[in-house]
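We did not get these values from a lab; they are worked out from the coordinates using the rules stated. From a predicted model like this one, the values you see are computed outputs, not experimental measurements. Cβ coordinates were reconstructed from backbone atoms using ideal geometry, including for glycine residues, and neighbour counts include every protein chain displayed.
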Amino acid sequence: MTELPEGWRTRRPTLDDVPELLRLVHASDTAAVGEPDFTLDEVRESLTAPNTDMSRDCWVALDTAGGIVGWAYPGNTTGRDREFVEVYAWPQRGEPSLRPLLALLLDRVVGRGREFGHDPYTVRAGAVPGEKEWIATLTGAGFGFLKQHARMTITLADTPHTAPEPPAGVTVRPLRHDDEDELRRFHATIEEAFRDSDHQSTDYETWRSQIAAESSIAWDEWFVGEVDGAWAGVLQSSDTGIDGNDAWVRALAVLRGYRKRGVGAALLRRAFAVYAAKGRATAGLGVDLANPTQAARLYRAVGMRPLYEANIYQRTVQTSGEDVRVGR
């Protein structure tokens with residue numbers, strides 16, 4: 001069933017919808033994982049991200065009273081051959097919008113894949129295991145289980161404001177963000193370190209434009225790890241959770257030749273100390289549980305715990321041929 005209930009309709013979202021969309025996402029998150037996991041800035045960024053045009057790519061579903069009960073949008077900031085799709089619905093009362101919104105989104109994804117020059121085109125989506133209706137919607141639309149991600153967290157209330165001494169030979173320093181060469185090396189480290197994972201690479205110009213689009217940047221929370229004076233790894237923070245007084249590690253990357261030397265733990269502990277000194281309540285990050293570096297072990301070793309796990313589902317779509325509509 002991909003039709004909306006009688007009296008419901010869809011339209012394109014606008015930035016004026018952001019507060020109502022945030023309430024929708026918070027309701028969905030709370031039902032799924034017990035607490036909100038999205039911010040006002042993230043709603044805006046989802047609507048205005050590179051390669052996303054809310055007038056072509058996004059929808060909201062409205063009930064008979066005109067309230068927003070569902071929201072669908074795609075994400076592919078790099079234009080590469082993989083899309084991530086999101087559909088949020090108010091728990092229970094908004095669930096009849098899941099299938100119709102996903103159908104609209106998948107049809108649009110075919111066009112996006114064609115515009116990006118990919119055929120076939122990979123599409124992914126995430127679901128917390130308890131989101132039974134959303135999982136049924138995905139599997140009914142041809143998605144299959146791929147792997148799991150985890151949202152890790154640590155409480156910072158008792159974290160010292162000075163990081164413990166790192167292992168011998170390991171040092172951690174702030175990034176010199178006003179040095180273009182250093183910024184390029186920072187980005188290259190992330191790309192190199194994640195080359196043996198499922199990470200979707202981003203060129204430097206796109207990465208810089210994404211950073212420039214953020215509402216705020218705390219450069220004093222970006223760090224470089226060195227071993228005997230040699231560049232070994234980096235940690236990139238984000239102000240994503242600042243509205244809730246939470247810190248967020250966007251990327252932790254250690255070059256292959258310097259792994260298992262304590263660099264990753266030293267970078268995390270330095271970041272945690274800085275976050276705690278600013279009064280942040282928690283720090284979090286996301287981890288691919290299929291990552292061959294087994295990063296989750298490191299995060300547990302520094303005191304982090306899984307807040308929740310999410311399944312990743314995947315399918316492919318053809319973007320050429322006589323009949324390429326897939327959503328219905």
Rg from C-alpha atoms of the stretch 9-142, normalised by the globular rule of thumb 2.2 N^0.38 Å, equals 0.99
Once the in-chain neighbours fewer than 8 apart are removed, the lysines whose Cα is under 30 Å from residue 132 read 147
Expressed to two decimals, the stretch 151-264 has a Cα Rg over Rh, using the Kirkwood radius, of 0.95
Of the convex hull enclosing the alpha-carbon atoms of the chain, the direction-averaged projected area in nm² is 16.8 nm²
The helix 18-33 Cα axis meets the longest alpha-carbon principal axis of the chain at an angle in degrees, between 0 and 90 and rounded to 10, of 80 degrees
Sequence order, the stretch 119-133: Karplus ³J(HN,Hα) from phi using 6.51 cos²θ - 1.76 cosθ + 1.60, θ = phi - 60°, Hz rounded, Gly and Pro as x, gives 7, x, 10, 8, 10, 10, 8, x, 8, 5, x, x, 7, 4, 5
Farthest towards the positive end of the dipole of the chain, among 284, 111, 100 and with Cβ unit charges of +1 on Lys and Arg and -1 on Asp and Glu, lies the Cα of 284
Here the gain from full extension of residue 14 to residue 145, 0.36 nm per residue of separation minus their alpha-carbon distance, amounts to 43.9 nm
Scan of the chain for GluC sites (Glu not before Pro) in DSSP loops with at most 14 other beta-carbon atoms within 10 Å gives a longest site-free stretch of 7-213
Summing -39500 (n - 2.57) over every DSSP H run of at least 4 residues in the chain and dividing by its residue count gives a helix-only mean residue ellipticity at 222 nm, to the nearest 500 deg cm²/dmol, of -9500 deg cm²/dmol
